[in-house]
Structures are given as C-alpha cells and as structure tokens.
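**Q** My structure is below; once you've seen it, I'll send some questions.
Derivation of every value follows stated rules applied to the coordinates shown; laboratory data play no part. Quantities reported herein were computed from a predicted structural model and do not represent experimental measurements. Heads up, the Cβs are rebuilt from the backbone with ideal geometry, glycines too, and the neighbour counts pull from every protein chain shown.
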Amino acid sequence: MIIIMKDDATEEQIKNVEHVLRDFGFKTHPIVGEAKSVIGAIGDKRQLSMNQITTLKGVESVVPIMRPYKLASKELKKTPSVIEVGHGVTVGGDQLAVFAGPCAIESQEQFTEVSRLCKEAGANILRGGAFKPRSSPYSFQGLAGDGLKIMYNSGHELKMPICTEVLDTRDVELVANFADIMQIGARNMQNFQLLKEVGKCNKPILLKRGLASTMEEWLMAAEYIMSEGNEKVILCERGIRTYETATRNTFDISAIPIAKELTHLPIIGDPSHASGTYKYVPAIAKAAIAAGADGLMIEVHNCPEKAASDGAQSLKPEKFSSLMKELDPIAKAVGRKLL
Ligand code: PEP
Ligand code: MN
C-alpha cells in the first residue's frame, strides 16, 4: 500500500509512520517528493487495517497498490527513475544510454579496439560478455575472470561504465567487483535465486526480458531484485519468441510504451538479439528510440565474420557510427539527446 503524507507532514511524522509499519512486519520505502512525501509499504496486509495507519499524525490517505509488482510500479512512484551507472552516465534521463560492444570479450586487443571505436561513435556504456550463456555446451563459453579484467581495463582507460552478464549466483560477488552494471540475460530472467542475489548488491542491474515472458512476469522479476533492496533496475527489451522465423526473435515495440505506463524503471531496446541479423538492427534501433526507449544495447564487432559469438547480428564499427548519426535527429524529435 501507499501512505500519502499531508503536505505539511514533518520528518518526525514520516519516521513514526515507518516505525509503526515496520513493527507490523512491513518493509518501508519512503519517497520524498517536492510537493508530497509518500511511503511505500510492502508486507502482509492481514496484520493491520488501513484505518490504523490513516489515524496516524501527518497521514493524508492510504491507497492499496493494485498491481502484483509494487516497488516497480508506477502506482508507487510516478516520476521516471534515473539510474546512475558510473563515470557520470545515467540511464533514464534526457540523455539516451547507448550500450555498445561485442557479444563476447575475446582478447584485450579485440576489446580495446572495439571499445575505442564505440566511444568515438558516441556510445556511453561498454558491453561485453565474460560468462556466455550459449545454446550449445560446445560453443565458446567466454573468458570468465580474464574477460572481466580485460573489460575493467578498457572501462578504466576510456572512463566508461561497463556492463557484463552474470550467469550464476556463485559469480555475483566476482562480477560485482569488476562491472558497473550487471546484466541478467533473457535465459535467467526467472532465475529467482540469481535475482535475489543481485538484489543484495548495490550495482545497477540490466534485466533482459525472458525469451517468452509477459510484461507482468518481467516486472515481477524486477520486483524480486528490488525487494532485496536494489532498486537500480534497467529493463531491456531484446525480442521475444513468436512463430516468425525471419528474425531470431520478434522485437516487441509495444513493450516500450507499455513499460512507460506500468513502471518508473528505465527501458532500453536491444535490436541485435531481437533481429539476429545486422542489416535489420538500424531500423529496429530507430523504432525503439522513436517509441520512447531510454537507450539501446547494440553489438559491435571489428570483424563480425570472426566473432566468437553473435557475429551475424554484430555491426561493424563504421555501420554503428553511421547509425548513431541517423539516430540523432530521431532522438531530438522525441525530446532526447544522443551525441
Ligand atoms: C547478450 O547480451 O549477449 C545475450 C546473451 O543476451 P540475451 O540474454 O538477450 O540473449
Ligand atoms: Mn550476444
């Protein structure tokens, strides 16, 4: 439920309401706004009646949160969340976030080169996989710890935040030591143990949409992370499974405006994993920005033919650079900044 405090409620009154709620076993999330303060309270409502709270000093009203996800819900927090991801970069504000880099980190030379070109083209966050969730156990599985070090070196040198996937609860601490943003991949969107574990970290989480997940399942996955105390969740639409085989997945463009309606969390689009083919990436990227996405994740490789994974969907650096230029006027048209 949401406790809406009166305009003139004092800090002490807010603290007292939180105190009473916690005594009843609720977790509280105060949100102090310019005009009004509200307190989100998550817990078992059978323990106390709304009237008990309404009568407390400073309380204006109490309203239930109707959606199954609470902390992620726009009912609780109306203003869009802007998430700081390091090196002065934010996701969710006027400036669009562009995550770019290879699918997998293959060597220091490869990653240094492609990262430098991504930065020159205007990307503000580096991406790359050190732990790769491959469909075949015989495919390249990533450089693991060595990959994290390579990525860290490039991020440090270029002063850019780095985003990399964590596959396993046992690696969360290790990945958190190197990454600025931890990615939960599509295949792990409902790995609830992993969601809880990253929820205990104080690092932004990029939560990809599951291969065949509904918006509600996706937001419930975000809720798992947030309910552990980590509210820095960024959603990523990366295409869903449909009957269509012309593309690797089907980019669900409607996920963007729907997410904007249901949640305050930022959402970015990943046209690379959605299409599976580099030539469709620019059109989908443009559509995502036009639809209101807060950014993009794009796979870029200096030599896609030789990429250890996802080469077919990776843009060459020159193509990525032209795409960024083409995206600029679209970003401006929807009131955002890109370059
Ligand atoms: C990736 O980002 O390289 C990846 C494996 O993504 P997804 O989980 O969306 O397939
Ligand atoms: Mn990939």
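**Q** Of the residues I205, I105, I258, which exhibits the maximal mean-square fluctuation in a Gaussian network model of the chain defined by a 10 Å Cα contact cut-off?
**A** I258
**Q** For the chain, what log10 I(q)/I(0) values come out of the Debye formula at q = 0.11, 0.13, 0.14, 0.15 1/Å, with one point per alpha carbon and no solvent?
**A** Evaluating at q = 0.11, 0.13, 0.14, 0.15 Å⁻¹ gives log10 I(q)/I(0) of -0.71, -0.94, -1.06, -1.18.
**Q** Let me ask something else. If the only charges are +1 at each Lys and Arg Cβ and -1 at each Asp and Glu Cβ, what is the size of the charge dipole of the chain around the Cα centre, to the nearest 20 debye?
**A** 400
**Q** Determine the distance separating the Cα centre of region 98-141 from the Cα centre of region 2-36; give it in Å without decimals.
**A** The distance from the Cα centre of region 98-141 to that of region 2-36 comes to 44 Å.
**Q** Between E197, E84, E109, where does the largest GNM mean-square fluctuation fall for the chain, given springs only between Cα atoms within less than 10 Å?
**A** Fluctuation is largest for E109.
**Q** I want to verify a result. In a Gaussian network model of the chain, Cα cutoff 10 Å, which of these has the top mean-square fluctuation: A287, A259, A35?
**A** A35
**Q** OK, next. What are the residues whose amide H is under 5 Å from the amide H of I298, where those residues sit 5 or more places off or on another chain and H is modelled from the backbone?
**A** Residues meeting the criterion, in which the H sits 1.01 Å from N, are F99, A100, G101.
**Q** Helix 145-158 versus the longest principal axis of the chain: what angle, 0 to 90°, nearest 10, using Cα atoms?
**A** Its long axis makes an angle of about 90 degrees.
**Q** Once you've got the Cα coordinates, tell me which of K77/K325; K70/K200; K70/K286; K77/K132; K159/K325; K200/K332 are over 29 Å apart.
**A** Pairs exceeding 29 Å: K77/K325; K70/K286; K77/K132; K200/K332.
**Q** List the trypsin sites (Lys or Arg not before Pro) in region 1-77 that DSSP assigns to loop (not H, G, I, E or B) and whose Cβ has at most 15 other Cβ atoms within 10 Å. Which are they?
**A** Sites meeting the loop and neighbour criteria: K6, K36, K57.
**Q** Where does the chain land at 222 nm, in deg cm²/dmol rounded to the nearest 500, when only DSSP H runs of n ≥ 4 count, each adding -39500 (n - 2.57), divided by all residues?
**A** Result for the chain, helices only: -10000 deg cm²/dmol.
**Q** Given a cut-off of under 8 Å on Cα pairs at least six residues apart, what relative contact order in percent is computed for the chain?
**A** With pairs under 8 Å counted, the relative contact order is 16 percent.
**Q** Quick one: 3J(HN,Hα) in Hz for region 300-315, Karplus 6.51/-1.76/1.60 with θ = phi - 60°, rounded, Gly and Pro as x.
**A** Rounded to whole hertz, the list is 10, 9, 6, 8, x, 4, 9, 4, 6, 7, 6, x, 4, 9, 8, 8.
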